[in-house]
Number of protein chains: 2
Amino acid sequence: MALPDAFVQRLQQELGHEGLLSDPAETWNYGYDNSRRHAAPELVALPADHDQVAAVVSLCHEFAVPLTARGRGTGTTGASVPINGGLILSTEKMNHVIRIDPANRYMVVEPGVTNQQVQDIAAEHGFFWPPDPTSAAYCSVGGNLAYNSAGPRAIKYGTPRENTFGLRAVTGDGKSIRTGVYTTKGVVGYDLTRLLIGSEGTLAIITEATLKLTPLPESKRTLQVIYRDIDSAARAVSAIMAQPVVPYALEFMDAGAIDMIRDYSEAELPEGAGALLMIEVDGTEHNIQHAVDAIGRAADNDGLLKLTRAETAAEIQALWQTRKALSPALRTIAPKKINEDVVVPVSNIPALINGLSELSARYNVTIVNFGHAGNGNIHVNLLANPDDPDEMQRTHQCLDAVFSLVLDLDGTLSGEHGVGIEKQEFVGREIEPITLELMRRIKRDFDPKGILNPGKMFPTG
Amino acid sequence: MALPDAFVQRLQQELGHEGLLSDPAETWNYGYDNSRRHAAPELVALPADHDQVAAVVSLCHEFAVPLTARGRGTGTTGASVPINGGLILSTEKMNHVIRIDPANRYMVVEPGVTNQQVQDIAAEHGFFWPPDPTSAAYCSVGGNLAYNSAGPRAIKYGTPRENTFGLRAVTGDGKSIRTGVYTTKGVVGYDLTRLLIGSEGTLAIITEATLKLTPLPESKRTLQVIYRDIDSAARAVSAIMAQPVVPYALEFMDAGAIDMIRDYSEAELPEGAGALLMIEVDGTEHNIQHAVDAIGRAADNDGLLKLTRAETAAEIQALWQTRKALSPALRTIAPKKINEDVVVPVSNIPALINGLSELSARYNVTIVNFGHAGNGNIHVNLLANPDDPDEMQRTHQCLDAVFSLVLDLDGTLSGEHGVGIEKQEFVGREIEPITLELMRRIKRDFDPKGILNPGKMFPTG
């Protein structure tokens with residue numbers, strides 16, 4: 001689309017020369033995310049503060065130009081890919097920690113700070129922010145909020161929705177709003193904070209977030225437990241979740257993932273390993289051994305093949321090598337993987353994994369599963385060769401059946417990646433038409449002209 | 001208002017003889033809440049299930065009849081008082097636990113179950129639901145959700161917003177919706193669950209809630225710590241909140257409250273007591289003593305007068321007697337008290353208490369403060385004689401100044417009581433006009449004719 005000259009000129013006035021990119025060689029890079037989809041934006045705005053964001057959104061509203069917010073492009077669903085062209089609003093210059101208030105356990109940040117920056121600065125004061133997606137080193141807090149991205153620690157400490165006090169934002173008609181409070185309680189007016197979190201940039205552009213901090217634990221331990229089969233591992237997960245010591249990570253790998261690591265890494269894994277749990281426990285120095293023992297007892301059943309405890313940083317790192325060997329192995333074996341992050345109630349994990357095994361056989365598609373077992377949040381990887389149209393077709397039929405299986409098991413299509421483009425066509429199976437229509441109305445309240453991330457999240461057509 | 005005959009007849013058909021009260025002698029009792037305000041409804045509907053709720057709301061929508069949902073009337077803001085007449089929808093017949101799923105740590109309940117019922121049934125399976133308002137024995141879960149009512153345990157375990165997976169509800173145009181998931185993660189579509197929680201019955205009638213359960217701790221201990229002055233107690237609160245052992249209750253009483261107890265109970269309190277903390281700690285048997293020691297160290301400073309530890313049930317009860325003596329004492333001394341539940345960041349508690357002391361002197365109004373110090377959620381009680389118009393006027397001027405003080409201290413007007421009628425006129429000071437307008441639009445999305453709890457929560461005029 002060709003953007004009106006008047007729009008571009010006024011945008012230049014607002015943002016200055018360094019705040020607006022228009023050279024295709026520069027803007028091209030802002031057109032992808034980690035879904036490997038790409039669409040080039042006409043322009044890239046690099047606002048430096050809330051007021052510049054408000055000016056940009058106001059202009060896009062006035063000229064009805066599509067605006068897609070972008071953090072660091074680590075999302076996996078195409079949510080930040082500007083499929084309708086227009087403007088990318090990159091938050092990369094808004095990368096400041098505005099203030100940290102240790103006495104009140106919060107931190108006010110701009111959306112472009114990375115998750116790692118937040119953790120580093122919080123740690124200087126003895127705190128952390130619980131959400132920690134795999135991409136924490138690069139991903140922005142704005143992106144974490146857009147998809148409610150959590151990572152393994154959610155099992156004990158919750159997702160961004162449980163760890164954010166309030167927001168400052170600009171709605172689709174360029175208006176500035178504040179949501180929430182600076183306190184751990186507050187019930188005046190509707191909860192717009194949680195409404196914006198997870199809304200994938202379709203309601204407003206977040207310009208400031210007040211993050212709830214948690215004290216760093218004194219001590220941590222890691223366990224790796226290998227089971228004969230998925231049912232034994234799932235029984236262990238249920239037993240762990242039924243007792244009061246909550247681990248801060250409870251990660252899972254199925255037989256397919258273990259086999260892959262066996263072939264592509266030097267990790268030692270016993271014969272007949274059908275499932276693996278990585279369990280991390282935190283607490284006081286005084287209690288940590290007791291907590292590990294409690295988890296160890298809950299993890300023990302007749303399907304247990306091997307339990308390894310790590311205490312030192314080196315031992316912990318060695319255990320995690322197994323898990324970290326997985327991604328390179330996946331990439332080696334299959335250049336294209338469809339990586340979903342479905343969720344089912346924890347007790348339905350065996351039914352999910354067994355169902356996936358049946359689908360894998362039926363559609364002749366390799367499926368490898370790992371993920372956050374404590375939340376029932378399983379990363380389901382369908383491996384396919386993009387150069388084989390027949391295989392790609394079978395893979396998409398299989399994916400369709402995977403989502404049906406998940407919904408039949410009381411699950412949800414996404415735990416922390418969101419919908420974006422990738423899952424749009426399936427949203428209508430999870431959310432009923434009346435509820436979807438309410439969401440569309442809310443979208444219009446915030447964004448009357450529909451300029452914010454158009455064509456995303458809602459079912460098309 | 002006179003309700004149309006056709007409306008009443010169709011309502012009778014839907015609800016049957018036992019499902020509809022129209023005798024003023026019966027309906028009168030449904031017109032009050034714990035704010036002591038009263039307005040008589042024309043009719044009281046007692047639906048037995050979701051479908052009957054949908055039928056009632058549809059009829060009210062068709063005939064544009066005001067509908068106010070009511071749990072057990074323990075709210076303190078007049079939110080369930082039908083000031084515009086019409087219909088009260090009481091959830092008292094919808095008092096069933098639909099199912100409990102211990103393996104997945106959730107429980108599905110109807111809105112009319114009491115908080116206590118939920119705790120009792122959860123406890124049979126080794127769990128609890130964290131929200132525990134003072135009125136837990138009588139108040140309904142629907143009411144807890146309507147005001148996001150939390151109680152003392154919120155400091156460690158959060159409010160209903162952090163402890164609810166999903167809802168079933170009927171919107172103001174009689175449509176049935178489902179929100180949320182049956183899992184601890186989920187990010188498909190907007191978060192309508194948290195939007196409905198705390199919306200005081202203005203958006204939809206909740207007919208079913210999926211509550212997140214937490215394992216009961218193995219062990220509990222209670223500490224009572226008495227300080228020379230408020231600053232010492234506040235320093236202790238900050239020190240407690242800055243270390244990793246989070247108490248599950250951290251309750252506070254100021255000098256006015258202590259004096260009152262001294263006069264009206266037999267509790268032993270040292271001379272010169274300026275503030276009191278009740279601290280409850282939970283954890284494993286193995287760690288509990290260590291946790292109490294950590295809290296004890298954090299609570300200790302040069303203003304500490306007396307620290308008492310309780311271990312047995314009898315000792316714990318004895319310590320709580322002090323706190324429990326407060327409400328009867330308050331009632332004895334002042335027949336009318338204005339009980340607010342403001343919140344400030346924890347480090348601003350001394351400034352709040354000192355500011356309240358100044359306001360008490362300036363307006364010649366007795367103010368007694370206690371509450372949930374760990375959340376900065378202070379119950380500010382203005383004691384006034386309703387038969388003295390001059391005193392009542394001074395009290396209202398003082399209340400106005402209290403809210404200004406709270407907002408100046410980065411606080412919020414309500415932590416868990418909500419707005420209802422009592423705080424309507426002050427909401428515009430906390431929430432900016434643009435944000436309020438967005439909330440009004442959302443209200444229209446859910447309730448196009450404005451029949452649900454009309455005239456509440458939003459500023460009037």
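The values are calculated or read from the model by the stated rules, or taken from the named source; none is laboratory data. Model, not experiment: these values are computed from the prediction. Note that each Cβ is placed from the backbone with ideal geometry, even for glycine, and that neighbours are counted across all protein chains shown. Surface areas here come from the heavy atoms of the whole protein model, side chains and all, with no ligands, DNA or RNA. Shrake-Rupley method; radii C 1.70, N 1.55, O 1.52, S 1.80 Å.
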Applying the selection to the range A:95-136, what residues are of a type in the set (A, V, I, L, M, F, W, C) and under 18 Å from A:G166 (Cβ atoms)?
A:V97, A:I98, A:I100, A:A103, A:M107, A:V108, A:V109, A:V113, A:V118, A:A122, A:F127, A:W129
The residue that is most open to solvent (accessible area, probe 1.4 Å), considering only those in the range A:139-155 that are among the aliphatic types (A, V, I, L, M) and more than 8 Å from chain B (Cβ to nearest Cβ), is A:A146
Pull up the range A:128-138, narrow it to residues that are within 21 Å of A:L195 (Cα to Cα) and not aromatic (F, W, Y), then point me to the one that is surrounded by the most Cβ atoms within 10 Å (Cβ to Cβ).
A:P131
Within the bounds of the range A:325-334, is there any residue that is open to solvent by 10 Å² or more (accessible area, probe 1.4 Å), within 26 Å of A:E280 (Cβ to Cβ), of a type in the set (A, V, I, L, M, F, W, C) and in a loop (DSSP other than H, G, I, E, B)?
yes
Taking the range B:180-191 and keeping residues closer than 13 Å to A:E432 by Cβ and within 7 Å of chain A (Cβ to nearest Cβ) leaves B:V188, B:G189
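To keep it simple, each residue is scored yes or no on (1) more than 10 Å from chain B (Cβ to nearest Cβ); (2) outside any helix (DSSP H, G or I); (3) surrounded by fewer than 24 Cβ atoms within 10 Å (Cβ to Cβ).
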residue	(1), (2), (3)
A:A209	yes, yes, no
A:A233	yes, no, no
A:V237	no, no, no
A:V246	no, yes, yes
A:F252	yes, yes, no
A:G256	yes, no, yes
Has the range B:266-279 got any residue that is open to solvent by less than 30 Å² (accessible area, probe 1.4 Å), touching a residue at least 40 places away in the same chain (Cβ under 8 Å) and over 18 Å from B:Y227 (Cα atoms)?
no
With respect to B:A103, determine if the residue is within 14 Å of chain A (Cβ to nearest Cβ) and in contact (Cβ under 8 Å) with a residue 12 or more places away in the chain.
no
Could you list, ordered by first residue, the pairs with Cβ atoms under 8 Å in which the first is in the range B:6-27 and closer than 18 Å to B:A69 by Cα and the second is open to solvent by 70 Å² or more (accessible area, probe 1.4 Å) and among the hydrophobic types (A, V, I, L, M, F, W, C), at least 6 apart or interchain?
none
Consider B:E218 carefully, then state whether it is more than 13 Å from the chain's Cα centre (by Cα) and either at the interface with chain A (Cβ under 7 Å from one of its Cβ atoms) or at pLDDT below 95 (or both).
yes
By residue number, the members of the range A:401-431 that are assigned by TED's automatic domain parsing to the domain that holds A:E340, exposed (fewer than 15 other Cβ atoms within 10 Å of the Cβ) and among the charged types (D, E, K, R) are A:D408
Residue that is of a type in the set (K, R) and in a loop (DSSP other than H, G, I, E, B), where the choices are B:K156, B:K185
B:K185
Name the one entry in B:G198, B:G166, B:G172 that is among the small types (G, A, S) and facing chain A (nearest Cβ under 7 Å).
B:G198
Out of B:V57, B:V81, B:V65, B:V44, which single residue is among the β-branched types (V, I, T) and assigned to a helix (DSSP H, G or I)?
B:V57
Taking the range B:106-130 only, how many residues are in a loop (DSSP other than H, G, I, E, B) and away from chain A (no Cβ under 11 Å)?
6
Out of the residues in the range B:5-47 meeting the condition of being within 25 Å of the chain's Cα centre (by Cα) and among the aliphatic types (A, V, I, L, M), tell me which one is surrounded by the most Cβ atoms within 10 Å (Cβ to Cβ).
B:A45
Filter result (polar (S, T, N, Q) and either open to solvent by 10 Å² or more (accessible area, probe 1.4 Å) or outside the structural domain of B:D400 (by TED's automatic domain parsing) (or both)) within the range B:335-381
B:N339, B:S347, B:N348, B:N354, B:S357, B:S360, B:N364, B:T366
Which listed residue, of A:G158, A:G112, is open to solvent by less than 20 Å² (accessible area, probe 1.4 Å), farther than 28 Å from B:T193 by Cβ, assigned by TED's automatic domain parsing to the domain that holds A:T183 and free of Cβ contacts under 8 Å to residues at least 60 places away in the same chain
A:G112
Can you tell me which condition A:A103 does not meet? The list is (1) closer than 25 Å to B:V346 by Cβ; (2) outside any helix (DSSP H, G or I); (3) among the aliphatic types (A, V, I, L, M); (4) modelled with pLDDT under 95, and all the others hold.
(2)
Test: A:N84 is outside the structural domain of A:G376 (by TED's automatic domain parsing), in contact with a Gly (Cβ under 6 Å, 6 or more places away or on another chain) and open to solvent by 10 Å² or more (accessible area, probe 1.4 Å):
yes
Only one of B:G274, B:G283, B:G296 that is more than 16 Å from B:F370 (Cβ to Cβ) and more than 13 Å from chain A (Cβ to nearest Cβ)
B:G296
Against the conditions (1) modelled with pLDDT under 90; (2) in contact with a helix residue (DSSP H, G or I) (Cβ under 9 Å, 6 or more places away or on another chain), where does B:L319 fall short? Just the number, please.
(2)
What are the residues in the range B:297-310 that are touching a strand residue (DSSP E or B) at 6+ places or on another chain (Cβ under 8 Å) and either assigned to a helix (DSSP H, G or I) or outside the structural domain of B:A239 (by TED's automatic domain parsing) (or both), if any?
B:A299
Got a number for residues in the range A:402-461 being charged (D, E, K, R), more than 8 Å from chain B (Cβ to nearest Cβ) and more than 30 Å from A:V44 (Cβ to Cβ)?
3
When A:D173 is run through (1) crowded, with 24+ Cβ neighbours inside 10 Å; (2) touching a residue at least 12 places away in the same chain (Cβ under 8 Å); (3) part of a loop (DSSP other than H, G, I, E, B), the failure sits at (1)
So B:E437, is it modelled with pLDDT of 95 or more, among the acidic types (D, E) and on the phi < 0 side of the Ramachandran plot
yes
Residues that are farther than 30 Å from A:K336 by Cα, open to solvent by 70 Å² or more (accessible area, probe 1.4 Å) and either in the same structural domain as A:G143 (by TED's automatic domain parsing) or more than 24 Å from the chain's Cα centre (by Cα) (or both): does the range A:63-74 have at least one?
no
